[in-house]
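Structure, as structure tokens:
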Amino acid sequence: QLQLLESGGGSVQAGGSMRLSCVVSGRTFINYAMGWFRQAPGKEREFVATINWSGSSTIYSDSVKGRFTISRDNAKSTVYLQMNSLQPEDTAVYYCAAPGSRYVSRDSNQYSYWGQGTQVTVSS
């Protein structure tokens, strides 16, 4: 089993920045791509970003492209989500997730392992 633990959420004003971290344990980190998803109140969970096992390939949703950056440190078994120019519509619970492979995917159904989530609140 893979365990995922997010941290770094909180409250920020619009235009601010925040970095989320997700520490992974339980299995060999480099065997997995990683992704970030989010769920706002009353909405379905949506894809945010994903990165392959080596960090050489990333995909972003259109809503965060150019503002968010996903990265990973395989030596620390950690994936990050740097969020800049945050807007109130970015308010959500953010989840770290791992699919069953090394390769990127936007599809949440491909993800077998999920963290507990961390709240991000952006005020106007």
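Values for this structure:
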quantity: Selected residue (criterion: farthest from the chain's Cα centre (by Cα)) from residues of the stretch 1-57 that are under 30 Å from Ser124 (Cα atoms) and of a type in the set (S, T, N, Q); calculated: Gln13
quantity: Cβ-Cβ under 8 Å pairs, at least 6 apart or on other chains, the stretch 101-119 side closer than 22 Å to Asp90 by Cβ, far side open to solvent by 40 Å² or more (accessible area, probe 1.4 Å) and charged (D, E, K, R); calculated: Ser108/Arg45
quantity: Filter pass, Val104 being in contact with a helix residue (DSSP H, G or I) (Cβ under 6 Å, 6 or more places away or on another chain) and open to solvent by less than 60 Å² (accessible area, probe 1.4 Å); calculated: no
quantity: Residues of the stretch 21-49 classified as among the hydroxyl-bearing types (Ser, Thr, Tyr) and open to solvent by 30 Å² or more (accessible area, probe 1.4 Å), total; calculated: 2
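Listed here are the residues, each with its yes/no results for (1) closer than 14 Å to Gly35 by Cα; (2) open to solvent by less than 10 Å² (accessible area, probe 1.4 Å); (3) without any contact (Cβ under 8 Å) to a residue 24 or more places away in the chain; (4) in contact with a Ser or Thr (Cβ under 8 Å, 6 or more places away or on another chain).
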{"site": "Val64", "(1), (2), (3), (4)": "yes, yes, no, no"}
{"site": "Arg67", "(1), (2), (3), (4)": "no, no, yes, yes"}
{"site": "Ala75", "(1), (2), (3), (4)": "no, no, yes, no"}
{"site": "Gln82", "(1), (2), (3), (4)": "yes, no, no, yes"}
{"site": "Ser85", "(1), (2), (3), (4)": "no, no, no, yes"}
{"site": "Cys96", "(1), (2), (3), (4)": "yes, yes, no, no"}
{"site": "Pro99", "(1), (2), (3), (4)": "yes, yes, no, yes"}
{"site": "Ser123", "(1), (2), (3), (4)": "no, no, no, yes"}
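The values are calculated or read from the model by the stated rules, or taken from the named source; none is laboratory data. Since we're looking at a predicted model, the values are computed, not measured. All Cβ positions, glycine included, derive from the backbone under ideal geometry; neighbour counts span all protein chains shown. Just so you know, the surface numbers come from the protein's heavy atoms only, side chains and all, with ligands and any DNA or RNA stripped out. Shrake-Rupley method; radii C 1.70, N 1.55, O 1.52, S 1.80 Å.
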